[in-house]
Every structure is written in C-alpha cells, then in structure tokens.
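Before anything else, here's the structure in question.
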Amino acid sequence: MNSIVALKQALRRACPGIRLVEQAPMCEYTTFRIGGPVALLAMPQTAEETLAAIRAARSLGIEPFLLGRGSNLLCGDGALDHLVIKTNPGLNQLERVSETELRCGAGVSMREAACFAQRCGLTGLEFAHGIPGTLGGGVVMNAGAYHGELADVVTETTALDRDGNIVTLTGAEQDFAYRHSAFLEGDMVVLHSILRLQPGDADAVQEKMDRLLSLRRAKQPLEWPSAGSTFKRPAGGFAAALIDQCGLKGLTVGGAQVSEKHAGFVINRGGATCSDVLRLTDQIRDRVRRETGIELELEIRRLS
C-alpha cells in the first residue's frame, strides 16, 4: 500500500469529514471476532462520501475492501495491509419507489430491509430477516435461506465499476447463481439494488419472519461468534449433513470448533485465531473427502 499519510490526505481532500482509524482491529468489526489490525479503516457518512473515498483510493492505485457487517468474513491474524471502507452508514438508503419495489443501499442490513418490506405490506423478503449481513454483501454472494435467495427479488443493481463509472445491471446481467453474482470478483462495488416484491398482509409477513427467526435460533449456534455457514452446499447434498455423517461435531482446533448444535458452522469458542479456523476447516475437508469423495468449498470470504 502507498504511504498511509498520502492515503489519509487523499481521503480527507475527497471527504473532509470522513472518520479514519489506523490499525483498526478487525476482530471488532466481524461477527467471527477474529482478525488483526487493518492499515486504515474509513467510515464515510454519505453515499457521496463513499463514492469519493473509493475513487480517491483508486487514484493512488489502492483497491479498497468494502465491509458491511463482516458476517461472512475471516480476517488474518497479523497486520492486514488494506484500506477497508465501511458501507454503513454511507450506503444506508432505504425507500419505496413503487407499489411493489424498494431501493436498498448496500449498507442496509438484511434485517432492516426485511422489516421495511413488512411495514410496507410487501412479501417475498421474509427469508432475509435472520441473515446477519448487509444487502450489498448479500447481492455479491446471492445470499439466501429457507428456500429464498436475493436472486428471486433483485431486479437491478447499481454499482461503481473499475473505471469509476456508475453502471446498472438488470435481470440476467447480474449473473445470479448459487452463492454467485456478477459482482463476486470485485470488479464492481455494489451501491444499491431494486427489490421487487409482492403485496402481502403485514401481520402475516411479520408472523412468517418471527417463525423463521425462531427456527434459526433453535437450529443454529447464534450464541457463539461465527461467520455463518462455513461451506457451500455441495451438489446433491448438504455440507452440515456430510460433516455430521463423518462424526465431526465438536471437533476443535485451538479456539475454533465445529458446532455441536449445527455441523455446518465453525464457531469461535473463545480466543480462536484465523489459523485455528483454517486448520480446522482443512481437517473437515480432508475427512469428508476421504469418507464421502465429496470436496467441500469454503463459503466464507477471506481478508489476509
């Protein structure tokens, strides 16, 4: 990375009021509660500041890492030579743009979007209520749960491309597939999306969200820090079932453990490091490969 001094000066010229934190511990900004200090954390307060900060960094040849709630992220243990830009509150726009459509900023939490849809009397986003991430991160990986995914409701997404242009991708241009989108490789930064839902009864929508949240709490280890589902769903099966079949519930490396409540989650039992998690996931993948012939793929994104 270029000189931190030069980077800070460029960011402050572009966004005079921006908050900058040097050596920010990423363990405080991720749901896994794991990660060393990042070179610089920037927290713009508006969409305009967010765009200006990204462009200022790129003008110095620095590609920033966009951070929502850090819910699907594993950060390295040592010093992280990155500029991290928080998407909330800068990209927190949430508005109804038609009878059945919402515009949601990338920094809006999935829970906030689902609750807003409920208040608008719209159905179709209930599945997202318990997903602990932001809309931007959800779009990037086509997040989903309980037989729903963002591909079902996102009709268009506006993003900042590599050349600094604001572009809008619609329909199939977004290239949604299982845990995949056109934005996954990082060439474009998601700014906001349009979600098309259906008219519904607000009370019924709330009841469904409450029911799905109760199911999540009963089945998932929400009481422990984690990054959500550790592995992608393999073709024709479920990662959790394969891990359980191999007798790996409770397997522990350092402070990292395969949850005894849900085998699809690696949890931080206290003091877990990135190294602990990676050694544990390697053991899981090796055992599952040997016993079932199936190769598991990590769903968690990494910053190292």
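The values are calculated or read from the model by the stated rules, or taken from the named source; none is laboratory data. Not measured: the values here are computed from a predicted model. Quick reminder, even Gly has a Cβ in these numbers, built from the backbone with ideal geometry, and neighbours come from all protein chains shown. Ligands, DNA and RNA are stripped out before the accessible areas are found, and what is left, the full protein with its side chains, is counted by its heavy atoms. Shrake-Rupley method; radii C 1.70, N 1.55, O 1.52, S 1.80 Å.
Is one or more of the residues making up the range 229-240 over 24 Å from the mean Cα position of the chain (by Cα) and in a strand (DSSP E or B)?
Applying the first criterion (over 24 Å from the mean Cα position of the chain (by Cα)) to the range 229-240 yields 236.
After this cut, where a residue has to be in a strand (DSSP E or B) as well, the list is none.
No, the range 229-240 has no match at all.
If a residue counts only when it is in contact with a Phe, Trp or Tyr (Cβ under 8 Å, 6 or more places away or on another chain) and not hydroxyl-bearing (Ser, Thr, Tyr), which strands (runs of 3 or more DSSP E) contained entirely in the range 80-184 have at least 3 such residues? Full working, then the answer.
Values: elements: 80-86, 94-96, 101-105, 154-160, 166-170.
Answer list for the range 80-184: 80-86.
Does Arg96 meet the test of being more than 16 Å from Ala159 (Cα to Cα) and at pLDDT below 95? Break it down stepwise before answering.
Numbers: more than 16 Å from Ala159 (Cα to Cα): yes; at pLDDT below 95: no.
So Arg96 does not fit the description; no.
Considering (1) open to solvent by less than 40 Å² (accessible area, probe 1.4 Å); (2) modelled with pLDDT of 95 or more; (3) assigned to a loop (DSSP other than H, G, I, E, B), say which one Val190 fails and leave the rest.
Answer for Val190: the failing condition is (3).
Among (1) crowded, with 16+ Cβ neighbours inside 10 Å; (2) within 18 Å of Val153 (Cβ to Cβ), which single condition is Pro199 missing?
All conditions are met except number (1).
Separate question: Run Ala204 past the list (1) closer than 30 Å to Arg289 by Cβ; (2) surrounded by fewer than 18 Cβ atoms within 10 Å (Cβ to Cβ) and report the number of the one that doesn't hold.
Ala204 satisfies all of (1) closer than 30 Å to Arg289 by Cβ; (2) surrounded by fewer than 18 Cβ atoms within 10 Å (Cβ to Cβ) except (1).
Which residue is surrounded by the fewest Cβ atoms within 10 Å (Cβ to Cβ), if the candidates are limited to the range 246-302 and must be hydrophobic (A, V, I, L, M, F, W, C) and in a loop (DSSP other than H, G, I, E, B)?
We begin by selecting, within the range 246-302, every residue hydrophobic (A, V, I, L, M, F, W, C); these are 246, 248, 251, 253, 256, 258, 263, 265-267, 272, 274, 277-278, 280, 284, 288, 294, 296, 298, 300.
Within this subset, residues satisfying the condition of being in a loop (DSSP other than H, G, I, E, B) are 246, 248, 251, 263, 272, 294, 296, 300.
Details: Cys246: 18, Leu248: 17, Leu251: 18, Ala263: 25, Ala272: 25, Ile294: 14, Leu296: 21, Ile300: 19.
So the residue we want is Ile294.
What is the number of the single condition among (1) part of a helix (DSSP H, G or I); (2) closer than 21 Å to Glu185 by Cβ that Glu49 does not meet?
The single condition Glu49 does not satisfy is (2).
Continuing with the same structure: Look at the range 97-124 and say how many of its residues are out of contact with any Leu (no Cβ under 6 Å at 6 or more places or on another chain) and not hydroxyl-bearing (Ser, Thr, Tyr).
12
Does Leu67 qualify as being open to solvent by less than 50 Å² (accessible area, probe 1.4 Å), within 22 Å of the chain's Cα centre (by Cα), within 23 Å of Arg162 (Cβ to Cβ) and in contact (Cβ under 8 Å) with a residue 40 or more places away in the chain? Spell out how you get there, then give the answer.
Numbers: open to solvent by less than 50 Å² (accessible area, probe 1.4 Å): yes; within 22 Å of the chain's Cα centre (by Cα): yes; within 23 Å of Arg162 (Cβ to Cβ): yes; in contact (Cβ under 8 Å) with a residue 40 or more places away in the chain: no.
No; evaluated as a whole, the condition is false for this residue.
Quick check: anything in the range 211-225 over 30 Å from Asp161 (Cβ atoms), open to solvent by 20 Å² or more (accessible area, probe 1.4 Å), part of a loop (DSSP other than H, G, I, E, B) and in contact with a His (Cβ under 7 Å, 6 or more places away or on another chain)?
Yes, the range 211-225 has at least one match.
Restricting to the range 146-175, what's the tally of residues that are open to solvent by 50 Å² or more (accessible area, probe 1.4 Å) and either without any contact (Cβ under 8 Å) to a residue 40 or more places away in the chain or within 21 Å of Ile54 (Cβ to Cβ) (or both)?
Within the range 146-175, the subset open to solvent by 50 Å² or more (accessible area, probe 1.4 Å) is 146-147, 149, 152, 156, 162-163, 165-166, 168, 170, 172-173, 175.
The next check asks that each one be either without any contact (Cβ under 8 Å) to a residue 40 or more places away in the chain or within 21 Å of Ile54 (Cβ to Cβ) (or both); those that pass are 147, 149, 152, 156, 162-163, 165-166, 168, 170, 172-173, 175.
Total satisfying the criteria: 13.
Let me ask another. Scan the range 26-50 for residues that are modelled with pLDDT of 95 or more, under 26 Å from Ala143 (Cα atoms) and open to solvent by 10 Å² or more (accessible area, probe 1.4 Å) and report the count.
Going through the range 26-50 one residue at a time, the tally reaches 7.
Identify the single condition in (1) in contact with a helix residue (DSSP H, G or I) (Cβ under 6 Å, 6 or more places away or on another chain); (2) part of a strand (DSSP E or B) that Leu66 does not satisfy, given that it satisfies every other one.
For Leu66, the exception is condition (1).
In the range 253-277, how many residues are of a type outside the set (Ser, Thr, Tyr) and touching a residue at least 60 places away in the same chain (Cβ under 8 Å)? Explain how you work it out, then say what you get.
Keep residues of the range 253-277 that are of a type outside the set (Ser, Thr, Tyr), which gives 253-258, 260-272, 274, 276-277.
After this cut, where a residue has to be touching a residue at least 60 places away in the same chain (Cβ under 8 Å) as well, the list is 268, 272, 274, 277.
Qualifying residue count for the region: 4.
When the residues of the range 115-140 are filtered to those that are surrounded by fewer than 22 Cβ atoms within 10 Å (Cβ to Cβ), of a type outside the set (S, T, N, Q) and over 17 Å from Pro89 (Cα atoms), which remaining residue is modelled with the lowest pLDDT?
Per the stated criteria, the residue is Gly130.
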